[in-house]
Amino acid sequence: MDGSSERQSRRRATAMIGLLFWCSVTNVSYADGDDAVVVKEVVVAATRIPTAPSRISAAATVVTQDDIRRTPFHSGTQIDDLLRYVPTVQPSLLGSRYNHPTAQFISIRGLGTRRALVLLDGVPLNDGFGGWINWGLVPDQVERVEIIPGGGSNLYGTWAMGGIINIISQSGRPKTGASADMSGGSLGTNIQSMRAQYGNNRTGLTLGYRRFDTTGFLTVPSYQRGQADVPVGSEHHQFTGRVSHELTSHTIATISGTYYREDRSFGTPLSQGSRTIGTVSFGLKGDQGVWGMWEAKTFAQWQTFNNQSAVALPSPFVRLSDQLDRLQTIPSNDIGGTAQWSAPFLSFSRIVAGGDVRAILARSEETLVPSQTSGVTRGKQVGIGTFGEWIIEPFDALVLTAGARWDWWKNFGGSRTAGSGPTGTTQDNAANIINPKLSLLYRINDRVRVGASVYQAFRAPTLNELYRDFSSSGFTFLSNDRLEPERLTGADMKVEVALLSDGLLDFRASGHYDVIKDQILFVTQGPTSAMRQNVGKGRSVGTDIELRSRLNDELFMTLGYSFVNSVITSFPGNPSREGLRIPNVSQHQVTAAFTIGRPDFAQLTLQARYLSRQFADDLNRQPIADFIVMDAMLRKRIASWAELSINGENLTDHQYIATQTGSLKTLGQPLLILGGLRIDL
């Protein structure tokens, strides 16, 4: 980035902060304490055991169900859009409703994609084969979302190198009743969902269904668009079920499952894809009083992903027609389980111990259409981990936490077969890794609290990174079966202050310093290809600032700012890339919104977010310009059982670039207006 562009980006970020401080908020709340900083106490399950947010050293953010309903993003299809208003969290710029499934990622603290664990009721949403996030599996009814930034491999292993996002759809037994949501509007968008619940003293049952459909929009800018381009759209059906039963007065069993089917178009008539996903999980939870609490859960997911890619003819920039380029069918199976136990230890501490296992089996059946060359790639991955944590509270103002986890990870059974030719084997990879973490939380007085952590974390390469090649817009992305695990060493700290009592004005500042060894990035090989490689070292340094005000039950205001400098610091054999920015990470992020009123009369929320310039490639030659997007929601309860709403996304219909492949650019979502009706019985 040249100096003038960087200065312009800083000026826009500064102007955004000043403009929006008095006129906007986000509707998320950071984890408040049990003193003057408290607005409401929410248990944070993402730390592996129920813990009051006021006792956590991390800069945790909790988005409650009330918070979600105050936003335009209250459908389960929009969780990634909801997270855009959390400082330091950067999902893919093109929303999951329009984006290719393999491009649906999230970055926390500028570490890049595939480095945050996303859980849905304790089960990973990260695709076992590719690491992308299956956002479509999230149901419409979400109780809360917890965001824990910073290294989490000491408790969760490979997937949590950059942090944890825990989505809780339901806790406890449901109340008997039913609900329905119906909405529709521009871009040919329609959403219908239904939910029925039954609950008594010992048993709970929940059934749900959602249909989502959007015609979408043309993602190629007008100056690059041609006759071959069609809107990017999607349709899916989701069925969910959950049964919980109290086996004894101290033991609860839960079984849940999801069936998900989606069809997508990717911008030309022959570029299409479909996925069928089935999931099931079974869990047991027990409370043995002084002997502690225990929990065990198993899960399984099976998926078939059909991907059909095409190229524009006669060239990517003269787009008169399209031609099939590659057909892929990727069946995968993902199974795992976890168990843990926690109990008081001595009179001032608590211990947590447990372990988990996960295995992924997948293959990719591929046909290169012009040459009619076929091939099959196979691979398996298994990981086992054990962890322990000691939470010490010598007195009420101080919490010390020491923990560590051992992981054994292996990729094996990899092979490639081209047509009727011989089968070639790929290199097996295995590793033993220990990741410790030490954290401290200290309450200086009733208004001020500080926390700090030091940690190590890691991420193993996925089967997709190791074995699957793919192409997009005439650009080929190559796998690499010799990738090594990433290792991270870092530290963070936070300060939380109640500037005014009773939640009238709360302040939080946090900072982090992370160094990543062997970071995996796409490294450009030429004008039409890139290959995944381990970069020597990368570094991410940043700070986040949040102000939150709740003047009364009818007026909420917050403002967030995040700065992160994420760069390649060492690349042996390729020093020209040292000092370049990590792709898909903006240095400046501003989030803001304003909520006034109450649903009984009318409630209005205005939101705005700013992202500074980022780059789509490792050479920093494909800039994604900075942009501002504004969203809004207006709702009114027309009866005790019915509520009307109008949601607006990108209110100014601002045209901005979301990503770039080669020289072909992709637009972000234009103006979307949805009207909806919610019924609760």
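The values are calculated or read from the model by the stated rules, or taken from the named source; none is laboratory data. Model, not experiment: these values are computed from the prediction. Please note: Cβ atoms are built from the backbone with ideal geometry, for glycine as well, and neighbour counts cover all protein chains shown.
Would the range 302-321 turn up any residue that is touching an Asp or Glu at 6+ places or on another chain (Cβ under 8 Å), in contact (Cβ under 8 Å) with a residue 60 or more places away in the chain and more than 30 Å from residue 264 (Cα to Cα)?
Keep residues of the range 302-321 that are touching an Asp or Glu at 6+ places or on another chain (Cβ under 8 Å), which gives 302-303, 309-313, 319.
Checking which are in contact (Cβ under 8 Å) with a residue 60 or more places away in the chain leaves us with 303, 309, 311-313, 319.
This time we only want the ones that are more than 30 Å from residue 264 (Cα to Cα), so: none.
Among the residues of the range 302-321, not one is touching an Asp or Glu at 6+ places or on another chain (Cβ under 8 Å), in contact (Cβ under 8 Å) with a residue 60 or more places away in the chain and more than 30 Å from residue 264 (Cα to Cα), which makes the answer no.
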With respect to the numbered conditions (1) among the acidic types (Asp, Glu); (2) without any contact (Cβ under 8 Å) to a residue 24 or more places away in the chain; (3) assigned to a strand (DSSP E or B), which one is the sole condition not fulfilled by residue 653?
(3)
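For the range 601-609, check the following and say yes or no: at least one residue is closer than 25 Å to residue 109 by Cα and either in contact with a Leu (Cβ under 9 Å, 6 or more places away or on another chain) or of a type in the set (D, E, K, R) (or both).
Step one: filter the range 601-609 for residues closer than 25 Å to residue 109 by Cα, giving 607-609.
Checking the rest, the ones that are also either in contact with a Leu (Cβ under 9 Å, 6 or more places away or on another chain) or of a type in the set (D, E, K, R) (or both) come to 608-609.
Yes, the range 601-609 has at least one match.
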Cβ-Cβ below 7 Å, separation at least six or inter-chain, first residue in the range 346-375 and closer than 14 Å to residue 386 by Cα, second part of a loop (DSSP other than H, G, I, E, B) and not small (Gly, Ala, Ser): which pairs?
352/48; 352/49
Where in the range 385-476 are there strands (runs of 3 or more DSSP E), lying fully within it, with 1 or more residues that are in contact with a helix residue (DSSP H, G or I) (Cβ under 9 Å, 6 or more places away or on another chain) and within 30 Å of residue 494 (Cβ to Cβ)?
398-418, 429-443, 448-459
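Looking only at the range 580-591, decide whether some residue is among the basic types (Lys, Arg), within 20 Å of residue 107 (Cβ to Cβ) and in contact with a Ser or Thr (Cβ under 7 Å, 6 or more places away or on another chain). Show your work before the answer.
Of the range 580-591, the ones among the basic types (Lys, Arg) are 581.
Those still in the list that are within 20 Å of residue 107 (Cβ to Cβ) too: 581.
After this cut, where a residue has to be in contact with a Ser or Thr (Cβ under 7 Å, 6 or more places away or on another chain) as well, the list is 581.
Yes, because at least one residue in the range 580-591 is among the basic types (Lys, Arg), within 20 Å of residue 107 (Cβ to Cβ) and in contact with a Ser or Thr (Cβ under 7 Å, 6 or more places away or on another chain).
This table checks each residue for (1) surrounded by fewer than 16 Cβ atoms within 10 Å (Cβ to Cβ); (2) more than 19 Å from the chain's Cα centre (by Cα); (3) of a type in the set (A, V, I, L, M).
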{"residue": "155", "(1), (2), (3)": "no, no, yes"}
{"residue": "162", "(1), (2), (3)": "no, no, no"}
{"residue": "177", "(1), (2), (3)": "yes, yes, no"}
{"residue": "191", "(1), (2), (3)": "no, yes, yes"}
Looking at the range 113-140, I want the residues that are among the hydroxyl-bearing types (Ser, Thr, Tyr) and have a partner that is outside any strand (DSSP E or B) with Cβ atoms under 7 Å, at least 6 apart or on another chain. Which pairs are those?
113/105; 113/584
If you check residue 521 against the conditions, is it surrounded by 17 or more Cβ atoms within 10 Å (Cβ to Cβ) and at pLDDT 90 or above?
yes
Residue check for residue 382: more than 17 Å from residue 483 (Cβ to Cβ) and either among the β-branched types (Val, Ile, Thr) or in contact with a helix residue (DSSP H, G or I) (Cβ under 6 Å, 6 or more places away or on another chain) (or both)
no
Of the residues that make up the range 596-607, is at least one over 30 Å from residue 661 (Cβ atoms) and under 24 Å from the mean Cα position of the chain (by Cα)?
yes
Here the qualifying pairs (Cβ atoms under 7 Å; residues six or more apart or on different chains; first in the range 387-400 and of a type in the set (Gly, Ala, Ser); second not in a loop (DSSP other than H, G, I, E, B)) come out as 388/352; 388/353; 388/403; 388/404; 397/442; 397/443
Could you give every pair whose Cβ atoms fall below 6 Å, whose first residue belongs to the range 468-496 and is on the phi < 0 side of the Ramachandran plot, and whose second residue is among the basic types (Lys, Arg) and in a strand (DSSP E or B), counting only separations of at least 6 or pairs across chains?
471/326; 480/532; 486/459; 487/517; 496/449; 496/508
Are there any pairs with C-beta distances below 6 angstrom linking a residue in the range 188-200 that is more than 26 Å from residue 252 (Cβ to Cβ) to a residue that is outside any strand (DSSP E or B) and modelled with pLDDT under 95, with the two at least 6 apart or on different chains, and if so which?
191/75; 193/140
Hey, does the range 226-237 have a residue that's assigned to a strand (DSSP E or B), crowded, with 17+ Cβ neighbours inside 10 Å, over 24 Å from the mean Cα position of the chain (by Cα) and not small (Gly, Ala, Ser)?
no
